[in-house]
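The values are calculated or read from the model by the stated rules, or taken from the named source; none is laboratory data. What you see is a predicted model, and the numbers here were worked out from it, not measured in a lab. For neighbour counting, all protein chains shown are included, and Cβ atoms are generated from backbone atoms with ideal geometry for every residue, glycine included. Quick note on the areas: whole protein, heavy atoms, side chains included, nothing else; ligands and nucleic acids left out. Shrake-Rupley method; radii C 1.70, N 1.55, O 1.52, S 1.80 Å.
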Amino acid sequence: MTKLIIDGKEIDVPAEYTLLQACEAAGAEIPRFCYHERLSIAGNCRMCLVEVKGGPKPVASCAWGVRDCRPGPKGEPPEISTRSPMVKKAREGVMEFLLINHPLDCPICDQGGECDLQDQAMGYGVDTSRFAENKRAVEDKYLGALVKTSMNRCIQCTRCVRFAAEVCGAPELGATGRGEDMEITTYLETALTSELQGNLVDICPVGALTSKPYAFAARPWELGKTQSIDVMDGIGSAIRVDTRGREVMRILPRVNEAVNEEWISDKTRHVVDGLRTQRLDRPYIRENGQLRAASWPEAFAAIAARTARSDGKRIGAIAGDLAAVEEMFALKDLLAKYGSSNLAVQGGDAFDPKAGRASYIFNPTIAGIDQADALLIIGSNPRREAAVLNARIRKRWLTGQLKIGLIGAKADVTYRYEHIGAGTGSLADLAAGKHCFADLLKGAKKPIVLVGAGAIARHDGAAVLSLAAKLAGDFGALKDGWNGFAVLHETASRVGALDIGFAGGGGGLSAAQMTAFGTLDVLFLLGADETKVPDGTFVVYIGTHGDRGAHRADVILPGAAYTEKSGIYVNTEGRVQIAGRAAFPPGEAREDWAIIRALSDVLGKRLPYDSLSALRQAIFKAVPHLMRIDQIEPGSAGDIKALAGKGGSLEKAPFKTAIEDFYLTNPIARASAVMAECSRLASGRMLTAAE
């Protein structure tokens with residue numbers, strides 16, 4: 001630790017700190033534009049100037065290290081001032097320079113009310129300007145469907161350039177020209193390719209980069225703000241949902257160091273318009289092959305009439321990607337009253353909840369990636385399945401302390417890896433120690449074996465999972481204080497479903513068996529839109545959008561989207577989180593658990609809870625760890641060793657990419673015009689690459 005005196009206050013800070021970090025540790029407020037905690041240091045805005053005692057001029061605190069400060073003549077600690085007349089005058093001068101060319105268009109700028117330049121001009125600027133020359137004009141640039149540019153406002157802080165290169169791994173932005181002629185632009189004037197590009201809007205300190213879909217939609221002070229959780233993938237990123245009246249206007253990230261840091265994917269941020277398009281707002285019944293609008297009693301009566309003619313064992317339920325724990329638990333209880341355990345979650349057939357929690361969660365945790373020194377990816381493309389987690393892997397890889405191997409389809413995942421092979425043969429060879437990457441895994445202190453959706457979704461998914469668990473045990477991924485067996489789920493509902501036992505087992509059928517011809521009489525689809533149901537099965541669809549599930553349904557019951565209900569979700573690492581209700585369902589739509597509770601009355605199978613709190617008490621009684629919000633119930637390494645012993649026969653087919661189109665993975669995304677445009681741009685890029 002190093003002693004400093006900052007504004008008369010003595011403080012101990014680590015020697016590797018910058019002066020800016022040291023000043024903030026001492027409680028001083030340092031203005032900045034180019035500096036960002038998660039990006040490399042540029043030192044080019046000069047707004048963070050401070051005075052070092054004995055120095056001839058103020059220094060940029062973001063680029064000046066604590067270890068570079070010299071002690072006084074008698075060995076006394078270096079003295080730093082953040083409020084001296086020299087600092088005040090210097091900052092006013094810097095602000096004056098920044099505003100020479102900045103247009104005064106705050107009344108029409110989308111950053112108005114949330115602009116760093118606006119705030120700091122008020123706090124650190126001066127109320128006069130000595131410049132009368134014409135302001136320069138810069139042509140706006142095309143960056144794609146998500147980021148709108150007003151480059152007249154750009155102050156060349158280069159945050160966007162560094163973010164694209166360092167975090168996204170897609171160095172498509174750069175600066176041309178020098179001095180007054182400097183401009184930020186894309187190299188080829190094409191759309192950005194990163195799945196994280198929406199974060200450019202958040203890190204831009206002025207209004208040069210703003211959200212194109214949200215342009216001129218609302219002002220920040222008009223909006224209600226609700227803390228919630230994202231469900232577009234299995235990561236469970238912390239988000240803030242901003243609403244005006246009943247309408248969701250935008251989604252922004254919240255800081256959560258353990259999960260998403262402060263980034264969210266473009267699908268998370270821009271799926272907003274899909275929440276209000278193609279919505280189911282009333283029940284429907286299929287008569288003579290056509291769906292017609294109906295009342296709730298009519299819809300319930302139709303279901304009751306059909307289930308009354310069915311054996312309870314021939315009734316089943318499949319939960320979709322966006323289902324919360326509450327409605328899955330209620331539906332499980334309802335089927336239990338029929339004596340049915342035919343339960344499944346989409347993509348979850350490879351997992352057995354009885355095998356223990358460690359067999360289906362991301363055991364090293366997302367933050368644990370920051371400590372890993374070897375990573376084996378099996379059947380996964382993290383860039384598409386979990387873009388934010390992929391950025392975390394890249395962050396660790398950039399330190400030079402993480403070696404990565406991949407078994408599966410080759411892909412651009414923004415970091416270099418060793419391609420070991422394409423399928424199960426390569427995995428078996430590696431497990432037998434026939435590849436040099438095996439020695440690297442054995443020699444690693446904290447290796448991770450990551451199994452993704454491409455390996456799990458196959459018919460032999462359980463066997464692949466078992467072999468991966470064996471490999472993890474044999475190569476030292478399971479040791480005291482470290483569990484390196486990681487399952488990367490691409491959906492928000494799956495871990496919660498497995499936690500409450502919403503899966504085949506105890507004589508219950510799997511999703512593949514339930515969707516075989518002639519197996520079931522009645523099938524409940526709880527937002528399950530990726531499931532093909534054969535003719536002859538009576539389908540009850542509880543969901544939000546007129547998507548694939550609704551097209552196949554015999555009865556449609558309109559539910560609430562994730563922004564319209566309070567729900568428990570468990571992310572891929574097993575972290576329990578609660579999504580907050582920011583808006584209300586449209587029309588006659590209701591919360592999913594309430595629909596199931598009301599239906600149970602009509603079916604004569606009344607469920608024993610009348611409120612959300614009573615339902616949650618029942619859930620917590622059955623699965624106690626779900627009451628520990630924002631905590632992870634760790635899995636046992638013994639479960640993974642038991643999983644490794646299960647074995648199974650492997651197919652020879654190579655692993656396929658589970659997500660072909662990142663932007664259109666669920667019904668909300670498929671209803672979004674913005675996501676459709678992003679998908680079109682992405683497919684155009686792939687065609688160009690293929691040509």
**OP:** Would you check if there is a residue in segment 307-317 being within 29 Å of GLY508 (Cβ to Cβ), open to solvent by 40 Å² or more (accessible area, probe 1.4 Å), touching a Leu at 6+ places or on another chain (Cβ under 8 Å) and among the acidic types (Asp, Glu)?
**Re:** no
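Can you work out which of the residues in segment 148-173 that are among the polar types (S, T, N, Q) and more than 21 Å from VAL674 (Cβ to Cβ) is most open to solvent (accessible area, probe 1.4 Å)?
As a first pass, look at segment 148-173 and keep what is among the polar types (S, T, N, Q): 149-150, 152, 156, 158.
If we keep only those that are more than 21 Å from VAL674 (Cβ to Cβ) too, we end up with 152, 156, 158.
On the way: ASN152: 58, GLN156: 38, THR158: 23 Å².
Looking at the filtered set, the residue picked out is ASN152.
Give me a count of the residues in segment 223-238 that are over 20 Å from LEU488 (Cβ atoms) and touching an Asp or Glu at 6+ places or on another chain (Cβ under 9 Å). Please lay out each step first, then the result.
We begin by selecting, within segment 223-238, every residue over 20 Å from LEU488 (Cβ atoms); these are 223-228.
Subset that is touching an Asp or Glu at 6+ places or on another chain (Cβ under 9 Å): 223-226.
Within segment 223-238, residues that are over 20 Å from LEU488 (Cβ atoms) and touching an Asp or Glu at 6+ places or on another chain (Cβ under 9 Å) number 4.
I'd like the full set of residues that are touching a residue at least 40 places away in the same chain (Cβ under 8 Å), in a loop (DSSP other than H, G, I, E, B) and surrounded by 15 or more Cβ atoms within 10 Å (Cβ to Cβ), limited to segment 195-218. Before the answer, list the steps.
First pass over segment 195-218, keeping only residues touching a residue at least 40 places away in the same chain (Cβ under 8 Å): 195-216.
Cutting the leftovers down to in a loop (DSSP other than H, G, I, E, B) gives us 195-198, 204-208, 212-216.
Across segment 195-218, the qualifying residues are GLU195, LEU196, GLN197, GLY198, CYS204, PRO205, VAL206, GLY207, ALA208, LYS212, PRO213, TYR214.
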Subject >> Boolean, HIS459 is open to solvent by 10 Å² or more (accessible area, probe 1.4 Å) and in contact with a helix residue (DSSP H, G or I) (Cβ under 9 Å, 6 or more places away or on another chain) >> reply: yes
Original post:
Before we move on, is GLU660 in a helix (DSSP H, G or I), open to solvent by 20 Å² or more (accessible area, probe 1.4 Å) and acidic (Asp, Glu)?
Top reply: no
**OP:** May I ask you to say which residue of THR190, THR176, THR128, THR186 is in contact with a Lys or Arg (Cβ under 9 Å, 6 or more places away or on another chain), open to solvent by 20 Å² or more (accessible area, probe 1.4 Å), of a type in the set (Ser, Thr, Tyr) and at negative phi?
**Re:** THR190
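Could you list all residues from segment 505-537 that are open to solvent by 10 Å² or more (accessible area, probe 1.4 Å) and either closer than 18 Å to LEU322 by Cβ or in a strand (DSSP E or B) (or both)?
So in segment 505-537, the residues open to solvent by 10 Å² or more (accessible area, probe 1.4 Å) come out as 505-513, 515-519, 521, 527, 530-536.
Selection gives ALA511, GLY527, GLU530, THR531.
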Original post:
Taking ARG616, is it in contact with a strand residue (DSSP E or B) (Cβ under 9 Å, 6 or more places away or on another chain) and either open to solvent by 70 Å² or more (accessible area, probe 1.4 Å) or more than 30 Å from ALA422 (Cβ to Cβ) (or both)?
Top reply: yes
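Here is a yes/no grid of residues against (1) farther than 22 Å from ASP370 by Cα; (2) surrounded by fewer than 22 Cβ atoms within 10 Å (Cβ to Cβ); (3) free of Cβ contacts under 8 Å to residues at least 12 places away in the same chain:
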site	(1), (2), (3)
THR399	no, yes, yes
ALA409	yes, yes, no
GLY421	yes, yes, no
ALA432	yes, yes, yes
ASP439	no, yes, yes
LYS445	no, yes, no
VAL449	no, no, no
VAL464	yes, no, no
ALA468	no, no, no
Original post:
What is the one condition in (1) open to solvent by less than 10 Å² (accessible area, probe 1.4 Å); (2) within 18 Å of ALA477 (Cβ to Cβ) that ALA453 does not satisfy?
Top reply: (2)
Original post:
Across segment 467-504, which residue is farthest from THR657 (Cα to Cα) among those that are assigned to a loop (DSSP other than H, G, I, E, B) and charged (D, E, K, R)?
Top reply: ASP480
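Quick check on ALA15: is it open to solvent by 10 Å² or more (accessible area, probe 1.4 Å), touching a residue at least 40 places away in the same chain (Cβ under 8 Å), among the small types (Gly, Ala, Ser) and in contact with a helix residue (DSSP H, G or I) (Cβ under 8 Å, 6 or more places away or on another chain)?
Details: open to solvent by 10 Å² or more (accessible area, probe 1.4 Å): yes; touching a residue at least 40 places away in the same chain (Cβ under 8 Å): yes; among the small types (Gly, Ala, Ser): yes; in contact with a helix residue (DSSP H, G or I) (Cβ under 8 Å, 6 or more places away or on another chain): yes.
Yes, satisfied.
Could you list all residues from segment 538-563 that are over 28 Å from the mean Cα position of the chain (by Cα) and open to solvent by 10 Å² or more (accessible area, probe 1.4 Å)? Give the steps one after another, and end with the answer.
So in segment 538-563, the residues over 28 Å from the mean Cα position of the chain (by Cα) come out as 538-540, 551-557.
Answer for segment 538-563, where residues must be over 28 Å from the mean Cα position of the chain (by Cα) and open to solvent by 10 Å² or more (accessible area, probe 1.4 Å): PHE538, HIS551, ARG552, ASP554.
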Original post:
Of (1) touching a helix residue (DSSP H, G or I) at 6+ places or on another chain (Cβ under 6 Å); (2) open to solvent by 50 Å² or more (accessible area, probe 1.4 Å), THR2 satisfies all except one. Which?
Top reply: (2)
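Residues are listed down the side, and each one gets a yes or a no for (1) closer than 27 Å to LEU398 by Cβ; (2) in contact with a His (Cβ under 8 Å, 6 or more places away or on another chain); (3) open to solvent by less than 10 Å² (accessible area, probe 1.4 Å); (4) touching a residue at least 60 places away in the same chain (Cβ under 8 Å):
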residue: ALA25; (1), (2), (3), (4): yes, no, no, no
residue: PHE33; (1), (2), (3), (4): yes, no, yes, yes
residue: GLU37; (1), (2), (3), (4): yes, no, no, no
residue: GLU51; (1), (2), (3), (4): no, no, no, no
residue: GLY55; (1), (2), (3), (4): no, no, no, no
residue: ARG67; (1), (2), (3), (4): yes, no, no, yes
residue: PRO77; (1), (2), (3), (4): no, no, no, yes
Subject >> Failed item in (1) free of Cβ contacts under 8 Å to residues at least 60 places away in the same chain; (2) surrounded by fewer than 21 Cβ atoms within 10 Å (Cβ to Cβ); (3) closer than 20 Å to GLU490 by Cα; (4) touching a helix residue (DSSP H, G or I) at 6+ places or on another chain (Cβ under 9 Å), with ILE393 passing the rest >> reply: (2)
**OP:** Would you mind telling me which numbered condition in (1) over 22 Å from the mean Cα position of the chain (by Cα); (2) in contact (Cβ under 8 Å) with a residue 40 or more places away in the chain GLY339 fails?
**Re:** (2)
Original post:
Out of the residues in segment 570-588 that are out of contact with any Gly (no Cβ under 6 Å at 6 or more places or on another chain) and open to solvent by less than 10 Å² (accessible area, probe 1.4 Å), which is nearest to PHE362 (Cα to Cα)?
Top reply: GLU573
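Provide a single number: the residues in segment 132-153 that are of a type outside the set (Ser, Thr, Tyr), in contact (Cβ under 8 Å) with a residue 60 or more places away in the chain and not in a strand (DSSP E or B). Walk me through how you get there before you give the answer.
First pass over segment 132-153, keeping only residues of a type outside the set (Ser, Thr, Tyr): 132-141, 143-148, 151-153.
Narrowing further to those that are in contact (Cβ under 8 Å) with a residue 60 or more places away in the chain: 143-148.
In the following step, the residues that additionally are not in a strand (DSSP E or B) were identified as 143-146.
Matching residues across segment 132-153 total 4.
Report yes if some residue within segment 269-282 is part of a loop (DSSP other than H, G, I, E, B), out of contact with any Asp or Glu (no Cβ under 8 Å at 6 or more places or on another chain) and over 24 Å from GLN577 (Cβ atoms); otherwise report no. Spell out how you get there, then give the answer.
Pass one, segment 269-282, residues part of a loop (DSSP other than H, G, I, E, B): 271, 276-278, 280-282.
From the residues that got through so far, the ones that are out of contact with any Asp or Glu (no Cβ under 8 Å at 6 or more places or on another chain) too are 271, 277, 280.
In the following step, the residues that additionally are over 24 Å from GLN577 (Cβ atoms) were identified as 277, 280.
Looking through segment 269-282, at least one residue is part of a loop (DSSP other than H, G, I, E, B), out of contact with any Asp or Glu (no Cβ under 8 Å at 6 or more places or on another chain) and over 24 Å from GLN577 (Cβ atoms).
When you scan segment 291-398 for helices (runs of 4 or more DSSP H) that lie fully inside it, which ones turn up with 3 or more residues that are more than 23 Å from GLU166 (Cβ to Cβ) and hydrophobic (A, V, I, L, M, F, W, C)?
Working: elements: 296-308, 325-337, 382-385, 387-398.
The qualifying helices (runs of 4 or more DSSP H) are 296-308, 325-337.
Looking at GLY93, GLY113, GLY123, which is the one that is outside any loop (DSSP other than H, G, I, E, B), surrounded by 13 or more Cβ atoms within 10 Å (Cβ to Cβ) and not polar (S, T, N, Q)? Lay out the reasoning, then the answer.
Details: GLY113 fails: outside any loop (DSSP other than H, G, I, E, B); GLY123 fails: surrounded by 13 or more Cβ atoms within 10 Å (Cβ to Cβ).
Selected residue: GLY93, the only one of GLY93, GLY113, GLY123 that is outside any loop (DSSP other than H, G, I, E, B), surrounded by 13 or more Cβ atoms within 10 Å (Cβ to Cβ) and not polar (S, T, N, Q).
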Original post:
Is at least one residue of segment 640-655 assigned to a loop (DSSP other than H, G, I, E, B) and within 23 Å of the chain's Cα centre (by Cα)?
Top reply: no
**OP:** Determine whether ASP601 is open to solvent by 10 Å² or more (accessible area, probe 1.4 Å), over 30 Å from LEU252 (Cβ atoms), in a loop (DSSP other than H, G, I, E, B) and acidic (Asp, Glu).
**Re:** no
